[in-house]
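Readers should treat all values here as calculations from the given coordinates under stated rules, not as data from a laboratory. What you see is a predicted model, and the numbers here were worked out from it, not measured in a lab. Ideal geometry is used to build each Cβ from the backbone, glycine not excepted, and the neighbour counts take in all protein chains shown.
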Amino acid sequence: MSVGIAVLGCTGSIGASTLRVIERQRERFRVVALTAFGSRDKLEQVGDETGATYLGLVNGEVGWRRSSNGTCRRATGTECLIEAATHSEVDIVVNAVVGAAGLQATVAALEAGKRVALANKETLVMAGDLVREAARSGGGDIVPIDSEHSAVMQCLTGRAPEDLARLILTASGGPFREWSAEKLAEATVEEALAHPTWQMGPKITIDSATLANKALEVIEAHYLFNLEYDAIEVVVHPQSIIHAFTEFVDGSILVQVGYPSMELPILYALTHPERVPDAGVKRFDPVAAGDLTFEPIRRDDFRAFALGVAAGRAGATTPAVFNAANEVAVHAFLNHRIRFGNIADVIDCALQAHRGDPAVDIETVLAVDRWARDTAEAACC
Ligand code: NAD
Ligand code: MG
């Protein structure tokens, strides 16, 4: 019996990589449910190709819903994410939605006892404790797709969690690794979208240029691996070959190595703790990979990173404020409303105004998220 999969955000970069992985593993996995935001034609095409029996179009019109042919259920509106994530024939939910919109589906899937293969790191940043509680109470599990966290999980699997002592996550450094602070402030949208090693959606590509992405990943690691912030470090590694260093209590360090491709972490998230053969993964050649270099992160110049890690350390709803303000600032930058150098200013403004309410439940987190968006939006003017 093959394993049923829901792909939330199937029209994006991670969604497309997931569909390629599943296509190569057809005897193991079958696509049951798919969702997209607004790309109706693409969603229908992927639905036809995979034989999915549930299609959810978040921003779809009611007319689209009615034209269902009977064998495939169609739904519209934000609820379709939760419906797909809790579908009775779904065993694994690949959450490849970008941003805060992915939170409730992750929680619902975990409460329903599903595995969540999580690309949507914003889920853990916004509500890490509540998400872990949902997994505990519902019996679901989270396996990260993010390459750094997948690397750590691969090194940890089969070992006692308390043997883990420290992580060093790697960062490519993005397109502006060697730029001066003055030049950085004026970087254009085109320059920021030209990532040197990874092909990704626009939001995470900008996050990689500001290094906000690495702050989101530090917070993600804190919740996934139960580590204090002092035990999570970051080093710049421009070649993106070593994805993370996993240090154990005896001082040993294990690393996972591979060319920058999300298909391997996606496959591992579907099969963990097992491994299956996959002819589609490019075999590693150490000589061709060339020199591997490491440098410290420039915290003073990449302020979004420092702000994000500080928000993580502050805990409660502060990371949710960081996440929401960052989403608003990135959107404003992509729409040429603010300069690259202002992204950190907008985030800082929302964080300064925040009171630090506790994250008692998902509704509270979502209310804080809305407040932070309004505050950040005002700071963009
Ligand atoms: P993307 O922009 O390419 O795709 C986003 C997907 O989410 C699309 O299918 C879109 O239709 C859907 N979507 C957008 N807004 C939505 C909304 N409001 N409600 C429901 N669905 C919505 O993004 P991506 O690069 O695939 O990234 C997806 C997630 O994976 C992000 O959280 C990102 O940080 C994470 N991630 C991506 C990569 C990568 O290589 N692309 C690597 C690691 C982690
Ligand atoms: Mg990553």
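Among 365, 98, the order by Cβ neighbours within 10 angstrom, fewest to most, reads 98, 365.
Comparing 86, 317, 71 in a Gaussian network model of the chain, where Cα atoms under 10 Å apart are tied by springs, the biggest mean-square fluctuation is seen for 71. Rg and Dmax, both from the Cα atoms of the chain and both in Å, are 20.0, 62. Annotation note: GluC sites (Glu not before Pro) in the range 250-344 located in DSSP loop regions with a Cβ neighbour count of at most 11 within 10 Å are 274. Using amide H atoms built in the peptide plane, which far-off residues or other-chain residues are under 5 Å from residue 143 H to H? Answer set, sorted by chain and number: 116, 117, 118. Placing +1 on the Cβ of every Lys and Arg and -1 on the Cβ of every Asp and Glu, with nothing else charged, gives the range 1-137 a dipole about its Cα centre of roughly 200 debye. Taking amide H as placed 1.01 Å from N in the peptide plane, the amide H of residue 236 sits under 5 Å from that of 171, 295, 297, each at least 5 places away or on another chain.
Taking label positions 7 Å along the Cα-Cβ direction at both residue 186 and residue 283, the computed distance is 5.0 nm, reported to one decimal.
Computed over the Cα atoms of the range 209-305, the ratio of the radius of gyration to the Kirkwood radius (Rg/Rh) comes to 0.97. 3J(HN,Hα) along the range 269-274, derived from phi through the Karplus expression 6.51 cos²θ - 1.76 cosθ + 1.60 where θ = phi - 60°, amounts to 5, 7, 10, 2, x, 8 Hz, with x in place of Gly and Pro. Just so you know, the averaged projected area of the alpha carbon convex hull for the range 154-264 sits at 7.7 nm². Springs between Cα atoms under 10 Å define the GNM used for the chain, and in it the highest mean-square fluctuation of 318, 157, 106 occurs at 157. Semi-axes of the equivalent ellipsoid for the range 59-98, computed as √(5λ) from the eigenvalues of its C-alpha gyration tensor and ordered from largest down, come to 20, 14, 7 Å. Counting other Cβ atoms within 10 Å as a rough exposure proxy, the listed residues 149, 237 run 237, 149 from fewest neighbours to most. Scalar couplings 3J(HN,Hα) for the range 239-248, obtained by applying the Karplus form with A = 6.51, B = -1.76, C = 1.60 to θ = phi - 60°, are 7, 6, 9, 8, 8, 5, 9, 10, 9, 9 Hz; x denotes Gly and Pro. Evaluated on the range 3-144, the Kirkwood hydrodynamic radius is 14.7 Å, with distances taken between all distinct Cα atoms. Put in order of Cβ neighbour count within 10 Å, fewest first, the listed residues 262, 1, 200, 126 become 1, 200, 262, 126. Amide H contacts of residue 76: 57, each under 5 Å away and 5 or more positions distant or on a separate chain (H built 1.01 Å from N in the peptide plane; Pro and chain starts excluded). Across q = 0.26 Å⁻¹, the range 337-381 modelled as identical point scatterers on its alpha-carbon atoms has Debye log10 I(q)/I(0) values of -0.90, in the order of the q list. Projecting the Cα atoms of 99, 143, 29 onto the dipole axis of the range 20-151, where Lys and Arg carry +1 and Asp and Glu carry -1 at the beta carbon, places 29 farthest toward the positive end.
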